[in-house]
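Written below as structure tokens is the structure these notes are about.
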Amino acid sequence: MAIIQSNQQIAQGIWRMAISGAPTGRAGQFFMLRVPGAVNLLLGRPISICQSDAGTGETTFVYQTVGRGTAQFATLKPGQEIDAQGPYGNGFSLKEGHTVIIGGGIGTAPLLQLAKELRVGDPDRRIDVYLGFREESYLENAFELYADSVTVKRGGFVTGDVDFSLNAQYYACGPAPMLRAVANAAEKANATLFLSLEKHMACGVGACLGCTCQTNGGRKRICKDGPVFDYREVRDAI
Ligand SMILES: Cc1cc2nc3c(=O)[nH]c(=O)nc-3n(C[C@H](O)[C@H](O)[C@H](O)COP(=O)(O)OP(=O)(O)OC[C@H]3O[C@@H](n4cnc5c(N)ncnc54)[C@H](O)[C@@H]3O)c2cc1C
Ligand code: FES
């Protein structure tokens, strides 16, 4: 069991929770989180690593309360236990050179650890971040620690601000319409783009086949073969 270190609301319906006592992971990986003893909630819920600190052993998540599982997370207090299985998934592969990161809504959460790992790996590289929110924004100050520029849009589509013709690597996570827009733009510009996909998950470890999606290479499990894919591989799944 992991222990809650902090659990605070940071925006309307958005919470940041830090835990200790679980193995640390890398950008793009996730944990299956579950409140122990929760009635009628036997399955964990997949939540991405937002920040992982191997020094302190702390892992931070940022989650949106959308249903019963995430509402239960919001009741947890420092010192209480949480069942944290993971880290699972392939994570982002870190490419060299200029990087453009595009996040929409709660999809911004896994991209913070990505920005951090890219910056630590190469202090001189250029990192441009584009964040889109329906209303209230969050995490932009944290991105500023690692990025050369952070563009935030509230309402509308932040993807319209992104230049896909740069000699850069593109990474995106967010709602499906945003991912489709990003993939279309990347295709037109023949850009390199990696997407982190979401689907309901039961096991999180590749056993139940509940999270498969169609790819160029046949059906793949988002939890085990992903959640990060080259966009060309998953055009039909988004
Ligand atoms: C790999 C991965 C990483 C994720 N990382 C994060 C994260 O960092 N922060 C975060 O807030 N959420 C994240 N999610 C989504 C999160 O897992 C769901 O919001 C959560 O499982 C909902 O559980 P619940 O019991 O609160 O809601 P439920 O009661 O299960 O569902 C409530 C509503 O949300 C919808 N819903 C539930 N899960 C999803 C989903 N995966 N995609 C789209 N709609 C869904 C349901 O259809 C329903 O309408 C991630 C999902 C995946 C697959
Ligand atoms: S959630 Fe069970 S195979 Fe992916």
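Derivation of every value follows stated rules applied to the coordinates shown; laboratory data play no part. All values reported here derive from a predicted model rather than from experimental measurement. Methodologically, a virtual Cβ is constructed for each residue, glycine included, from the backbone with ideal geometry; neighbour enumeration extends over all protein chains shown.
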_Residue list for the range 130-158, filter: part of a loop (DSSP other than H, G, I, E, B), closer than 17 Å to Ala115 by Cβ and either in contact with a His (Cβ under 9 Å, 6 or more places away or on another chain) or in contact (Cβ under 8 Å) with a residue 40 or more places away in the chain (or both)_ = Ser137, Tyr138, Leu139, Ala147
*Failed item in (1) of a type in the set (Lys, Arg); (2) within 12 Å of ligand 1 (Cβ to nearest atom); (3) in contact with a strand residue (DSSP E or B) (Cβ under 6 Å, 6 or more places away or on another chain), with Lys224 passing the rest*: (3)
*For Asp161, work out the one condition from (1) farther than 29 Å from Cys203 by Cβ; (2) touching a residue at least 60 places away in the same chain (Cβ under 8 Å) it doesn't fulfil.*
(2)
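Of everything in the range 220-238 that's in a strand (DSSP E or B) and within 11 Å of ligand 2 (Cβ to nearest atom), which residue is farthest from the chain's Cα centre (by Cα)? Please lay out each step first, then the result.
Narrowing the range 220-238 to residues in a strand (DSSP E or B): 220-221, 228-230.
Filter once more, keeping what is within 11 Å of ligand 2 (Cβ to nearest atom): 220-221.
On the way: Lys220: 19, Arg221: 17 Å.
So the residue we want is Lys220.
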*Tell me which residues, restricted to the range 189-200, are within 11 Å of ligand 2 (Cβ to nearest atom) and either within 12 Å of Ala237 (Cα to Cα) or more than 15 Å from the chain's Cα centre (by Cα) (or both).*
Lys199
*Could you tell me which numbered condition Gly69 fails, if it satisfies all but one of (1) part of a helix (DSSP H, G or I); (2) surrounded by fewer than 19 Cβ atoms within 10 Å (Cβ to Cβ); (3) within 16 Å of ligand 2 (Cβ to nearest atom)?*
(2)
_Sole exception among (1) within 16 Å of ligand 1 (Cβ to nearest atom); (2) over 15 Å from the mean Cα position of the chain (by Cα); (3) small (Gly, Ala, Ser) for Gly132, by number_ = (2)
*When the range 15-63 is examined, which residues are found to be closer than 23 Å to Leu197 by Cβ, in a loop (DSSP other than H, G, I, E, B), within 16 Å of ligand 2 (Cβ to nearest atom) and over 12 Å from the mean Cα position of the chain (by Cα)?*
Leu43, Gly44
*asked:* With the structure loaded, tell me whether Glu81 is surrounded by 15 or more Cβ atoms within 10 Å (Cβ to Cβ) and more than 11 Å from ligand 1 (Cβ to nearest atom) or whether it fails that test.
replied: yes
